[in-house]
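The values are calculated or read from the model by the stated rules, or taken from the named source; none is laboratory data. Predicted, not measured: the structure shown is a model, and the values here were computed from it. Here the Cβ is made from the backbone with ideal geometry for all residues, glycine too, and neighbour counts use every protein chain on show.
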Amino acid sequence: MTKVTDTPTAPAAERAKPALPDAQTVTQVTHWTDRLFSFRVTRPVSLRFRSGEFVMIGLMSDPDPATGKQKPLLRAYSIASPSWDDELEFYSIKVPDGPLTSKLQHIQPGDQIILRPKPVGTLVHDALLPGKRLWLFATGTGFAPFASLLRDPQTYEDYEEIIVTHTCRTVGELQYGAELIAAIRNDEMLEELIGEGFSDKLRYYPTTTREESPKMGRITDLMRSGEVFNELGVPPLSPENDRAMICGNLAFNLELKALFEEYGLREGANSAPREYVVEKAFLD
Ligand code: A2P
């Protein structure tokens, strides 16, 4: 499947009519594969967040057959857009029988979603001690919080080098991240904000596990074998120089946590910044 983007058709005033509690209006939907889509919504004027945080979003459930009542069906979604953006962007899986995503995957520009404006999360700069190199490790939709952090000037101000790894099943599942990285490299506004050559700090290491691509394998295996470090020309992670953020499926998060502890990195939190932080990617 190729990328398909829906853009608004209804007049702005009509699209902005609130019908749900904490309603926001969908402004754009892009289907990347039959399993993945991203969408943009209006941003509540008062919403402030730190790049990397998540909010609860969702839709109303179908009416209960007995009572006819509908309930909000909410899940935690990382905000994929940077904090300076006028709109909010999200990146989602489509699970055919997932309570929320089976419905959410059909949203179109002009539709409304529920967005509880209380951002939280640990994949934030504040939860890491200062360091030289920032590693961002994602699988699948775990790329979302990094899509926010990679468009945040602070990321480039705080680190000499930023290495993003993204492991997906197929090449198509890498496309959202690959296009975003390419756009960042050509972003004149970011260059103006951060300074010329900022994107030279950014290194991208995509891998696939179930379809042929230039780099195949799980990032965890490529770290254990040392291949990723040899190819990037950097030493294995050390508590002195390296900081890391992890966002992927549960097994991936646990495996990487164990690896980091071997390297001597400790898990941080907002209240106790350390060398790495972790969050589970949303799976309906
Ligand atoms: P694999 O295809 O070998 O399972 P999913 O779409 O199931 O969430 O997986 C996203 C990517 O994460 C896949 O490429 C998958 O590889 C990989 N993955 C799953 N579990 C782990 C793990 N424990 N360590 C590293 N990568 C993993």
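Okay, residues lined up against (1) part of a strand (DSSP E or B); (2) within 16 Å of the ligand (Cβ to nearest atom):
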site	(1), (2)
Ala138	yes, yes
Thr167	yes, yes
Thr170	no, yes
Ile181	no, no
Met189	no, no
**Sole exception among (1) surrounded by fewer than 22 Cβ atoms within 10 Å (Cβ to Cβ); (2) assigned to a loop (DSSP other than H, G, I, E, B); (3) small (Gly, Ala, Ser) for Ser51, by number** = (1)
**Message:** So Gln112 ticks every box in (1) over 29 Å from Tyr204 (Cα atoms); (2) within 19 Å of the chain's Cα centre (by Cα) but one. Which box is left unticked?
**Reply:** (2)
**Asked** Which one is surrounded by the fewest Cβ atoms within 10 Å (Cβ to Cβ), of the residues in region 74-96 that are more than 16 Å from the ligand (Cβ to nearest atom) and either in a loop (DSSP other than H, G, I, E, B) or at pLDDT below 95 (or both)?
**Response** Asp86
**Message:** Of everything in region 162-179, what is buried (at least 18 other Cβ atoms within 10 Å of the Cβ) and either closer than 18 Å to Val234 by Cα or of a type in the set (D, E, K, R) (or both)? Give them in sequence order.
**Reply:** Ile162, Ile163, Val164, Thr165, His166, Glu173
**Asked** Of all residues in region 231-284, which are part of a strand (DSSP E or B), surrounded by 19 or more Cβ atoms within 10 Å (Cβ to Cβ), more than 12 Å from the ligand (Cβ to nearest atom) and not hydrophobic (A, V, I, L, M, F, W, C)?
**Response** Asp242, Arg243, Tyr276, Glu279
**Message:** Scan region 183-192 and tell me whether some residue there is within 19 Å of the chain's Cα centre (by Cα), closer than 19 Å to Asn270 by Cα and of a type in the set (Gly, Ala, Ser).
**Reply:** no
**Request:** Test each condition in (1) within 16 Å of the ligand (Cβ to nearest atom); (2) assigned to a helix (DSSP H, G or I) for Thr207 and report the one that comes out false.
**Result:** (2)
**Request:** Filter region 96-140 for residues that are among the hydrophobic types (A, V, I, L, M, F, W, C) and over 30 Å from Ile163 (Cβ atoms) and give the result.
**Result:** Leu100, Leu104, Ile107, Ile113, Ile114, Leu115
**Fill in**
In the set Leu129, Leu150, Leu134, Leu104, the lone residue that is more than 16 Å from the ligand (Cβ to nearest atom), modelled with pLDDT of 95 or more and not assigned by TED's automatic domain parsing to the domain that holds Met223 is Leu104
